[in-house]
Amino acid sequence: MNIIEFKDKEQLGKEAAAFIARSIESKPDAVLGLATGGTPTETYKELIHLYQMKQLSFKQTRTVNLDEYAGLDSHHENSYMTYMKQHLFDHVDLPEDQYFLPNGHASNLEEECLRYEKLIQDLGGIDLQLLGIGQNGHIGFNEPGTPFDSKTHVIQLDENTRQANARYFSSIDEVPKYAITMGIASILSSKKILLIATGKSKAEVIKQLEQSEIHPDFPASALKLHPDVTIFIDSEAGSLR
Ligand code: PGA
């Protein structure tokens, strides 16, 4: 794991976007694994900027997102499909039939997980996976205890995760209790991984990530099993190292 610290979240966003852009430049039809949440918004803003400056095109790129809430229609204001459209897809030249998220509203969620995992394989696997990290060490929605050999699956969200995400909903009761997430094995199958973390609230988990043993109780520790992981943090997230 190669950890690089930047001054603030704005600089990190620029560098993360440049990292992703390099991947697309070297392989225009790259498969990008994308993440949602508060952390990547700056990165997506910078990717849109690069597109607007005509320095980047997503015309041939394919994207697969890490996760989606179960029970929310893709048009729901809090679905991750809506997030991705608002923060990236609606602002760049990525064709509509080239971005994919799990369907959290599928009538059979187990079948949907199998379909999604197969879709990733059929696309040729993920070239670069962007990840955030939860305060409890989750990657995607792989909460502590998730086996490292897990593929895309349905997961019950930790209370800690629901509370962290309640800020986007009118109340905690509205936050879904389940989600579909790529598994740890799905994530580790990516050729390259970029994890980003910003702010004081991530300082403890970044310290833990550096020091932890490899164990399912701390899902992000699985990244130590991967040969090509880059971690971008800002000075606040690095403040307890
Ligand atoms: P955040 O979420 O970017 O909103 O902090 C990250 C995560 O939970 O993986």
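Nothing in this text is a laboratory measurement; each read-out follows from the coordinates by a stated rule. Everything quoted here is computed from the prediction, not taken from an experiment. Glycine gets a Cβ as well: all are built from the backbone with ideal geometry, and neighbour counts include every protein chain shown.
Taking max minus min of the alpha-carbon positions on each principal axis, the stretch 106-241 gives extents of 44, 40, 22 Å, largest first.
The dipole here belongs to the stretch 32-158: it is taken about the Cα centre, uses +1 on the Cβ of Lys and Arg and -1 on the Cβ of Asp and Glu, and is about 400 debye.
For the cross-link pairs Lys118/Lys200; Lys7/Lys151; Lys7/Lys224, the ones whose C-alpha atoms lie over 32 Å apart are Lys118/Lys200; Lys7/Lys151.
Rounded to the nearest 20, the size of the Cβ-charge dipole of the stretch 104-241 about its Cα centre is 320 debye, with Lys and Arg at +1 and Asp and Glu at -1.
Once every DSSP H run of n ≥ 4 in the chain is given -39500 (n - 2.57) and the sum is divided by its residues, what mean residue ellipticity at 222 nm do you get, rounded to the nearest 500 deg cm²/dmol?
-9000 deg cm²/dmol
Taking a ≥ b ≥ c as the square roots of the eigenvalues of the Cα gyration tensor, the chain is classed as rounded, since a/c falls below 1.5. Determine the alpha carbon to alpha carbon distance for each of Lys9/Lys85; Lys85/Lys191; Lys85/Lys207 and list only those over 31 Å. Correct reply: Lys85/Lys207.
Relative to one another, the C-alpha centroids of the stretch 142-159 and the stretch 217-241 are positioned 18 Å apart.
Fully extending the segment from Ser201 to Arg241, taken as 0.36 nm per residue of separation minus the present Cα-Cα distance, adds 13.1 nm. Rounded to 0.05, the FRET efficiency of the Asn78 and Ser26 pair, given R0 = 25 Å and the Cβ-Cβ distance, is 0.10. Under the convention that each Lys and Arg Cβ holds +1 and each Asp and Glu Cβ holds -1, the size of the dipole of the chain around its Cα centre is about 620 debye.
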